[in-house]
Each structure stands twice: as C-alpha cells, then as structure tokens.
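What follows is a set of notes on a single structure, which appears directly below.
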Amino acid sequence: MTDGCRFLSDVLEHRVDPAVENALAAILRKRPVTWETILTLRENHQIGNLDIAALVLRHGWHWRKHKPYRITLPDGRPDAARRPD
C-alpha cells in the first residue's frame, strides 16, 4: 500500500494530525467512511492520501480503493477505531 515512492516503513511512520485521526476514527465507530466523507473531512482538516494510508495500516482498517470506495473496521469491531494514545 504505497505510491511507489515510499517504503512501507515511511508510511507507517508518517505523522498524522491527531484531530484528523480522531475525526476519522469517530466516523468509523458509527459507519463506514465513504469518498464523500473524505471530501467533507478535507473541508475542515488537512488530510491527504498518505494520512489515510498511515491510519489504515496502523489501525488495521480495511480500505477498498475501487468503487465503491470505503474504509471499514475489520470484522465490524468498534474497538479497532479506538482513540489514538
């Protein structure tokens, strides 16, 4: 899950704004995240694809990158969208 310019370790170590992480995790605790949700988040936060990739990898979320685009919790486990430490 890299863009070909970064190593997996680079993605995992990428620092994500805690406000972005909290916002995305809060939505995931309620429902899957759609592309429309990401666009709405971008109106209020600086969030890029690298941020999304880092969070998906760190938390073990599922990222469907083709239609229908969505991020979901593994096996519907709400604890997988825990708040960051």
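Bear in mind these aren't lab numbers, they're just calculated from the coordinates by the rules spelled out. Because the structure is predicted, anything quoted here is derived from the model rather than measured. Virtual Cβ from ideal backbone geometry, glycine too; neighbours counted across all protein chains shown.
Could you give me the percent of Cα pairs per 5 Å distance bin for the stretch 8-75, shortest bin first, beginning at zero and ending with the bin that holds the maximum distance?
3, 17, 32, 29, 16, 4
In terms of modelled amide H atoms, which long-range or inter-chain residues lie less than 5 Å from the amide H of Val16?
Correct list: empty.
Charges at C-beta only: +1 for Lys and Arg, -1 for Asp and Glu. How large is the resulting dipole of the stretch 26-65 about its Cα centre, in Debye rounded to 20? Spell out each step's value before the answer.
Values: 7 positive and 3 negative charges, 45 e Å.
Dipole of the stretch 26-65, to the nearest 20 debye: 220 debye.
Tyr69 versus Glu43, label points 7 Å from Cα toward the beta carbon: distance in nm?
Those two pseudo-labels are separated by 1.6 nm.
Place a +1 charge on the Cβ of each Lys and Arg in the stretch 8-75 and a -1 charge on the Cβ of each Asp and Glu, then give the dipole magnitude about the Cα centre in debye, rounded to the nearest 20.
Values: 10 positive and 8 negative charges, 72 e Å.
Its charge dipole is roughly 340 debye.
Gain in length, Glu13 to Arg58, computed as 0.36 nm per residue apart minus the alpha-carbon separation, to one decimal in nm?
Details: separation 45, 0.36 × 45 = 16.20 nm, distance 0.92 nm.
Stretched out fully, the Glu13 to Arg58 stretch lengthens by 15.3 nm.
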